Amino acid sequence: MTVERNPPPRNTCTSASRPTRSPLIVTLDGILSCLRSYEAREMLALAGDLGEVGYRWEAGEARHHMAVVTYLIGRPERVPD
């Protein structure tokens, strides 16, 4: 009679046997990120709450095909010496 010293574990789930959830997680993350993003006017309001910090703020949207990127740029009003 032979006895196996290390029998294979039962009911194991290998990465090859279970479907990947990555596409679902990436899609959900992208949707939630879009929902919590700011509009250009909201960004300007946030920058305006900083008070007089010596910057000129510009906010807007850049569009390319179906993608839209909202941006906020702060430029010094005067160049330091």
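None of the figures in this text is laboratory data; all of them are computed from the coordinates on show. Only a predicted model underlies this, so the values are computations on that prediction, with no experimental measurement involved. All Cβ positions, even for glycine, are placed from backbone atoms using ideal geometry, and neighbour counts span all protein chains on display.
Assorted remarks:
- For GLY60, residues with placed amide H under 5 Å, excluding near neighbours: TYR71
- Prolate is the label for the range 22-76, because the ratio a/c of its alpha-carbon gyration tensor axes (a ≥ b ≥ c) is 1.5 or higher and a/b is greater than b/c.
- Paramagnetic reach from ARG75 in the range 30-68 [backbone N under 14 Å; point 7 Å along Cα→Cβ]: 55-60
- Chain lengthening between ASP49 and LEU32 when straightened (0.36 nm per residue, less Cα-Cα): 3.5 nm
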